[in-house]
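Everything below concerns the one structure shown next.
Each reported figure results from applying straightforward, stated rules to the coordinates on display, with no laboratory input. Everything numeric in this text was worked out from a predicted model, so none of it was measured. Glycine also receives a Cβ, built like all others from the backbone with ideal geometry; neighbour counts cover every protein chain displayed.
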Amino acid sequence: MIRPLPGGSAHALAAVLLWSTVAAAFKLSLRYLEPPQLLLISTGVSTLFLGSLLLARRQLHALVVLPRRDWLRSAGLGLLNPCIYYLVLFAAYDRLPAQQAQPLNYTWALVLAWLSALLLGQRLLRWDVVAGFICYAGVLVVATRGDVLSLHFDDTLGVGLALGSTVIWALYWIGVTRDDVDPVQRLFLNFLLALPPVTVVCVMTSGLPPLSWPGLAGAVYVGLFEMGLTFVLWLTALQRASNASRVANLIFLSPFLSLVFIHYLVGEPVEVATSLGLVIIVAGLVLQKWGAKD
């Protein structure tokens with residue numbers, strides 16, 4: 001008899017599987033769209049999805065009575081995510097192979113710990129420092145394709161953009177620390193208020209997106225499964241889990257599954273250096289997570 005998965009695990013596994021596909025979706029979509037164009041469509045799709053979800057839950061009206069400071073805060077957070085974060089991230093994917101951009105972006109959890117210590121006064125554990133050396137050793141392996149001693153990068157700007165995206169993402173999560181607004185409501189407001197600046201950036205840089213069905217389909221996929229639905233699945237998993245830490249550990253499956261999708265959907269041969277570097281990065285993150293319980 002097949003036993004049902006523990007509370008939250010099914011949602012978490014679904015979220016991990018969907019997130020594992022988005023690196024390939026980024027790369028495929030960017031064959032037809034410029035980064036600002038991809039951001040405009042995906043932001044619009046995510047806004048529609050989150051708004052429809054809140055409407056179905058009868059929570060949309062609650063946003064009207066939020067104080068003005070919450071709307072202003074959402075406007076500021078929306079500039080970080082989705083506006084600046086995804087512009088930088090998509091630009092990194094546009095310049096780098098997906099198998100390089102994805103592991104580099106995955107170090108955001110480490111950057112979050114460091115910036116939390118710097119900006120919030122939280123204690124920086126020795127494991128955070130050790131994990132940093134380990135993770136960025138893995139970053140060097142990935143970014144130099146294993147030729148670490150040469151310190152040669154195929155695209156230095158692309159590597160900088162991928163690593164820079166981790167700082168922006170960490171700043172966003174620090175910004176929502178101790179937030180008393182429902183996370184789905186907050187995310188909807190962020191995306192809604194980010195639409196005007198995203199539209200302006202798109203029109204002024206790349207122009208409106210072309211009517212290319214592969215590009216539009218990819219952007220819709222990104223809007224749903226990177227920015228919208230998957231976030232809701234992950235929140236639901238954490239809320240229903242009897243042990244949130246065990247559910248959260250499932251996220252470490254995502255970068256390895258992502259390499260499979262990158263190989264078969266994008267057609268990138270996965271290099272040995274990428275796999276080795278990713279193992280090193282994840283080992284550092286696991287060590288950091290384990291050390292935080294010490």
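Taking other C-beta atoms within 10 angstrom as a stand-in for reagent exposure, 52, 165 fall in the order 52, 165, fewest first.
With a 10 Å Cβ neighbour count serving as the proxy for reagent exposure, in which order, fewest first, do 253, 259 appear?
Numbers: 253 16, 259 22.
Sorted ascending by nearby Cβ count, the order is 253, 259.
Annotation: the residues 289, 27, sorted from fewest to most other C-beta atoms within 10 Å of their own C-beta, follow the order 289, 27. Among 21, 107, 236, whose mean-square fluctuation peaks in a Gaussian network model of the chain (Cα, cutoff 10 Å)? Result: 236 has the largest fluctuation of those listed. Pair-distance distribution P(r) for the chain, from all Cα-Cα distances in 5 Å bins starting at 0: 1, 6, 11, 15, 19, 18, 15, 10, 5, 2, 0, 0 percent. Subtracting the Cα-Cα distance of residue 271 and residue 290 from 0.36 nm times their residue separation leaves 4.0 nm of extension gain.
Which value in deg cm²/dmol, rounded to the nearest 500, describes the helix-derived mean residue ellipticity at 222 nm for the chain, given -39,500 (n - 2.57) per DSSP H run of n ≥ 4 and division by the residue count? Walk me through the numbers before you get to the answer.
Working: 14 runs with 203 residues, N = 294.
Helix-only estimate at 222 nm: -22500 deg cm²/dmol.
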